[in-house]
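Read through the structure below, which is laid out as structure tokens, and then see the notes.
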Amino acid sequence: MDILGIDIGGSGMKGALVNIETGELITERFRIPTPASRKPKEMAKVFKDIVEHFDYKGPVGCGFPTIMNHGVCKSVGNLNKSWLNLNAQNLFSEACGLPVTIVNDADVAGYAVMNYGIGKGEQGLVLMITIGTGIGSGAFYNGVLIPNFELGQIPYKKYKKIERYAADSIRKKEKLSFKKWGARINTFLELVDLIVCPDLIILGGGVSKDFDKFEKQIKIETPVKPAILGNHAGIIGAAAAVSF
């Protein structure tokens with residue numbers, strides 16, 4: 001079955017048709033920059049544009065960068081504050097005229113990696129950490145999703161949340177070397193290791209392809225692996241979310 005998956009991030013909104021039996025993209029990824037305002041109306045317009053690009057008429061799966069509860073945003077993450085308590089699922093469905101399923105973006109990326117990628121068959125507590133504009137996390141115990149496990153929201157020193165210290169957007173903003181930034185990622189993972197004590201951590205998002213550039217800075221004992229599905233995991237998992 002081929003489903004349109006749309007992965008929404010702080011810098012880009014991207015989609016592709018996915019075969020949810022194999023987890024393979026069957027079209028090229030199509031990306032539109034996230035509107036600078038990050039407001040609902042403007043982002044709904046982009047969502048509709050992505051659907052229309054594929055001339056698609058079926059159910060749509062979407063990964064969204066904040067805590068979700070039955071399609072309702074329970075925090076704003078790196079988006080505009082007007083998203084709080086808004087039913088994003090209804091908004092996007094009305095915009096494109098199709099049924100839409102929305103799940104937290106790190107959860108869908110983790111679902112993809114656990115079902116189609118390096119996490120397949122892994123038991124115990126596995127964390128999927130997505131690093132981009134912010135830091136998201138998805139947790140799985142013996143392959144079963146524990147939703148809205150948002151470790152990027154941990155306060156750290158002067159920072160309200162640690163993603164403002166260690167996200168990839170901060171690396172770019174502060175022009176940090178991968179060595180210096182990798183040390184920040186390690187600080188974050190040390191806290192995660194202490195609080196949650198996982199059996200495996202999988203790093204995803206756009207930085208997964210750069211893992212070899214900061215791998216030496218990761219010092220924790222828990223195994224840390226890059227998500228081989230890379231930046232496509234969000235799209236793949238979003239499409240699969242339709243059948244969650």
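For the chain, the solvent-accessible area of protein heavy atoms averages 46 Å² per residue (probe radius 1.4 Å; ligands and nucleic acids excluded). Think of each Lys and Arg Cβ as +1 and each Asp and Glu Cβ as -1; about the Cα centre, that makes the dipole of the stretch 43-184 roughly 960 debye.
Note on the chain: GNM, Cα springs under 10 Å; of 42, 174, 24, the largest mean-square fluctuation is that of 174. Site pair residue 120 and residue 220 shows an inter-label distance of 2.6 nm when each label is modelled 7 Å from Cα along Cα→Cβ. Here the extension length gained between residue 90 and residue 72 equals 5.6 nm, from 0.36 nm per residue of separation less the Cα-Cα distance.
Protein chains only, probe 1.4 Å: how do 232, 70, 53 rank by accessible area, largest first?
From most exposed to least exposed: 70, 53, 232.
The gain in end-to-end length when the residue 37 to residue 199 segment is fully stretched comes to 54.4 nm, 0.36 nm per residue minus the alpha carbon separation. Stretching residue 11 away from residue 24 to a fully extended chain increases their span by 2.3 nm, per 0.36 nm per residue minus the current alpha-carbon distance.
The eigenvalues of the Cα gyration tensor, multiplied by 5 and square-rooted, give the stretch 1-142 an equivalent ellipsoid with semi-axes of 23, 19, 13 Å from largest to smallest. Springs join every pair of Cα atoms under 10 Å in this Gaussian network model of the chain, and among 194, 229, 98 the largest mean-square fluctuation is at 194.
Calculated mean residue ellipticity at 222 nm for the chain: -9000 deg cm²/dmol, from DSSP H runs with n ≥ 4 weighted as -39500 (n - 2.57), summed, divided by the residue count and rounded to 500.
Counting only DSSP beta bridges with both residues in the chain, the antiparallel share comes to about 60 percent.
Computed over protein heavy atoms with a 1.4 Å probe, the carbon and sulfur contribution to the accessible area of the chain reaches 51%. Accessible area per residue (1.4 Å probe, heavy atoms of protein chains only) ranks 76, 108 as 76, 108, with the largest value leading. The distance from the alpha carbon centre of the stretch 175-204 to that of the stretch 12-43 is 27 Å, rounded to a whole number. Projected over every direction and averaged, the convex hull enclosing the alpha-carbon atoms of the chain yields 11.9 nm².
The values are calculated or read from the model by the stated rules, or taken from the named source; none is laboratory data. From a predicted model like this one, the values you see are computed outputs, not experimental measurements. Virtual Cβ from ideal backbone geometry, glycine too; neighbours counted across all protein chains shown. These area figures cover heavy atoms from the full protein model, side chains too; ligands, DNA and RNA do not enter into them. Shrake-Rupley method; radii C 1.70, N 1.55, O 1.52, S 1.80 Å.
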